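Below is one structure; the comments refer to it alone.
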Amino acid sequence: MIHFSFIPLEELNSGVLNSLEDRYELEEVLTFETVGELKIFVDLLGAELAQSPFQNLQDVDSSWLINGTLKSFSEPEFELFYQKWITLTGRDNTMDEYGQLICFNSTVGKLNKETHKVVLQNAI
């Protein structure tokens with residue numbers, strides 16, 4: 001399992017990203033099996049991943065910026081999104097899977113509010 005932190009930032013600041021305490025205050029973490037699943041997830045939300053300018057961040061294997069506005073789904077729209085997600089990724093349809101994605105859906109507004117949306121592949 002790979003843990004991905006989604007972090008909204010007004011300014012691109014490696015200081016915030018290098019502080020585990022600061023990141024913890026801002027991040028929403030999702031767990032996927034592969035980077036490919038991350039890309040599918042962001043694509044289903046109507047955005048795309050781009051390499052970030054950050055290198056050598058503390059406890060981070062890779063980082064990306066999200067280009068575009070992430071979709072936030074109503075309950076019926078979320079159900080359709082979730083079924084498409086399960087079909088495209090082959091992931092198990094579990095309460096944990098559903099829970100992490102519905103929780104993320106509730107934080108999309110916070111991510112979209114800031115100028116930058118950063119995704120970190122956590123090394124820990």
For segment 84-115, what are the residues that are surrounded by 15 or more Cβ atoms within 10 Å (Cβ to Cβ) and either in contact (Cβ under 8 Å) with a residue 60 or more places away in the chain or over 15 Å from L44 (Cβ atoms) (or both)? Q100, L101, F104, T107, V108, L111, N112
With the first residue restricted to segment 42-62 and required to be closer than 18 Å to Y24 by Cβ, and the second required to be modelled with pLDDT under 90 and aliphatic (A, V, I, L, M), Cβ contacts under 8 Å at 6 or more apart or on different chains are Q58/L20; D59/L20; D59/I124
Which residues, taken from segment 1-27, are of a type outside the set (F, W, Y), surrounded by 12 or more Cβ atoms within 10 Å (Cβ to Cβ) and not in a helix (DSSP H, G or I)? I2, H3, S5, I7, P8, L9, L12, N13, S19, E27
Scan segment 74-85 and tell me whether some residue there is under 22 Å from L9 (Cα atoms), part of a helix (DSSP H, G or I) and among the charged types (D, E, K, R). no
Among the candidates L30, L70, residue that is part of a strand (DSSP E or B) and either modelled with pLDDT of 95 or more or closer than 24 Å to G90 by Cα (or both): L30
Out of (1) in contact with a strand residue (DSSP E or B) (Cβ under 8 Å, 6 or more places away or on another chain); (2) surrounded by fewer than 16 Cβ atoms within 10 Å (Cβ to Cβ), the odd one out for L57 is which? (2)
Scanning segment 33-50 residue by residue, those assigned to a helix (DSSP H, G or I), among the acidic types (D, E) and exposed (fewer than 14 other Cβ atoms within 10 Å of the Cβ) turn out to be D43
Name the one entry in E79, E33, E75 that is out of contact with any Asp or Glu (no Cβ under 6 Å at 6 or more places or on another chain), in contact (Cβ under 8 Å) with a residue 40 or more places away in the chain, more than 20 Å from S19 (Cα to Cα) and of a type outside the set (A, V, I, L, M, F, W, C). E33
Between residues in segment 1-27 that are farther than 29 Å from E97 by Cα and residues that are surrounded by 14 or more Cβ atoms within 10 Å (Cβ to Cβ) and modelled with pLDDT of 90 or more, which pairs lie under 6 Å by C-beta distance while being six or more apart or on different chains? E10/E114; L12/H116; S14/F54
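The values are calculated or read from the model by the stated rules, or taken from the named source; none is laboratory data. Remember, predicted model here, so these are calculated numbers, not experimental data. Here the Cβ is made from the backbone with ideal geometry for all residues, glycine too, and neighbour counts use every protein chain on show.
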